[in-house]
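Asker: Here it is: the structure, laid out below.
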Amino acid sequence: MKKWFAILSVMAIILVLAGCGSSDDTSSASGSSGEVKKIIVGTGTQFKNVCFIDENGNLTGFDVELIKELDKRLPQYEFEFKTMDFGNLLLSLDAGKIDLVSHQMEKNPEREAKYLFNKNPYSIFLNRVAVAKDNNSIHSIDDLKGKKVLTSPTSNAAYVLKEYNKTHGDALNIVYTSGAANDTVQQITSGRIDATVTTDFANRFNTDEKGEVALKTVGDPLTQSDVLYVLNKNEQGLADDLDKAIQEVKDDGTLSKLSIKWLGEDFTKSLEDVKKESTSSKK
């Protein structure tokens with residue numbers, strides 16, 4: 001009897017130990033959810049100051065350096081760049097070749113229907129009317145009634161102009177172009193077109209043959225263009241984490257410094273912020 005009791009006792013100990021081992025394995029498996037997740041970031045190489053190859057052959061620019069900064073603040077992810085032509089970015093996101101698009105992308109109804117955007121913009125551009133530098137007759141969008149306004153068909157500027165026409169009896173003659181900066185400059189400075197809609201940042205690229213900025217922005221800002229990251233619809237967790245990290249770099253001034261360094265100005269202020277500053281300066 002004692003012999004059987006001893007055998008049963010040993011078997012019970014073995015089962016307890018086996019149970020403990022099983023518990024450890026389960027703990028290890030659940031720990032795997034804490035592993036670093038690799039995120040392939042799609043960007044370009046041809047957008048000066050934003051995402052480009054420098055003289056040393058390195059990929060850099062505002063969008064690139066910001067992703068590197070967010071990578072430091074999100075230890076649960078590892079961000080890896082994959083460069084391609086701008087036109088292939090959303091196609092690559094569709095095909096699952098990349099997880100995130102970082103190329104000064106803005107939200108519009110068509111894109112929003114298909115993709116997920118994070119909510120916290122990492123740069124903010126204010127759309128304004130742009131005319132030839134020697135044009136002193138156009139001071140706002142209302143001065144463009146009956147005039148030709150150039151824009152690319154799928155741009156956010158085109159959306160702004162079409163919305164204006166809806167409430168102003170098609171007052172603007174919207175002319176569509178391929179969106180090439182030199183074509184815009186040529187048509188406006190030659191007088192074939194009266195104006196376009198752009199941002200102060202983008203207007204820096206509207207240069208003449210001498211390399212000088214050929215257009216000027218006029219009037220109050222029309223709308224605010226938020227620059228966001230583009231993700232697939234099933235990446236809400238990543239989008240939320242990006243928003244938190246972006247808020248951190250805003251709060252500690254890092255985002256503002258990166259904007260000034262690479263874009264030449266602090267393009268992190270909203271339309272509301274600009275209006276408040278303008279009101280305060282007038283008091």
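The values are calculated or read from the model by the stated rules, or taken from the named source; none is laboratory data. Just so it is clear, the structure is predicted and the values come from calculations on it, not from any experiment. Ideal geometry is used to build each Cβ from the backbone, glycine not excepted, and the neighbour counts take in all protein chains shown. Remember, those area values only see protein heavy atoms, side chains included, never the ligands or the DNA or RNA. Shrake-Rupley method; radii C 1.70, N 1.55, O 1.52, S 1.80 Å.
Asker: Among D85, D94, which is surrounded by fewer than 13 Cβ atoms within 10 Å (Cβ to Cβ) and in contact with a Lys or Arg (Cβ under 9 Å, 6 or more places away or on another chain)?
Answerer: D94
Asker: I've got another one for you. Look at the range 166-184 and say how many of its residues are at pLDDT below 90, out of contact with any Leu (no Cβ under 7 Å at 6 or more places or on another chain) and among the hydroxyl-bearing types (S, T, Y).
Answerer: 1
Asker: Mind listing whichever residues of the range 49-82 are open to solvent by less than 10 Å² (accessible area, probe 1.4 Å) and of a type in the set (F, W, Y)?
Answerer: Across the range 49-82, the qualifying residue is only F62.
Asker: Oh, and also: What do you reckon, is T184 within 25 Å of the chain's Cα centre (by Cα), farther than 26 Å from L255 by Cα and buried (at least 20 other Cβ atoms within 10 Å of the Cβ)?
Answerer: yes
Asker: Would you please name the residue that is nearest to the chain's Cα centre (by Cα), looking only at residues in the range 85-122 that are modelled with pLDDT of 95 or more, under 18 Å from D243 (Cβ atoms) and assigned to a strand (DSSP E or B)?
Answerer: S102
Here is a yes/no grid of residues against (1) in contact with a helix residue (DSSP H, G or I) (Cβ under 6 Å, 6 or more places away or on another chain); (2) open to solvent by less than 40 Å² (accessible area, probe 1.4 Å); (3) over 16 Å from T223 (Cα atoms); (4) in contact (Cβ under 8 Å) with a residue 12 or more places away in the chain:
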position: V129; (1), (2), (3), (4): yes, yes, no, yes
position: K133; (1), (2), (3), (4): no, no, yes, yes
position: I138; (1), (2), (3), (4): no, yes, yes, yes
position: K147; (1), (2), (3), (4): no, no, yes, yes
position: T151; (1), (2), (3), (4): yes, yes, no, yes
position: N156; (1), (2), (3), (4): no, yes, no, yes
position: G169; (1), (2), (3), (4): no, no, yes, no
position: L172; (1), (2), (3), (4): yes, yes, yes, yes
position: Y176; (1), (2), (3), (4): no, no, yes, yes
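Asker: Just checking: which of the strands (runs of 3 or more DSSP E) contained wholly in the range 165-267 hold 3 or more residues that are within 30 Å of I40 (Cα to Cα)?
Answerer: 215-231
Asker: May I pose another question? Looking at the range 106-121, which of its residues are within 15 Å of V160 (Cβ to Cβ) and of a type in the set (K, R)?
Answerer: K107
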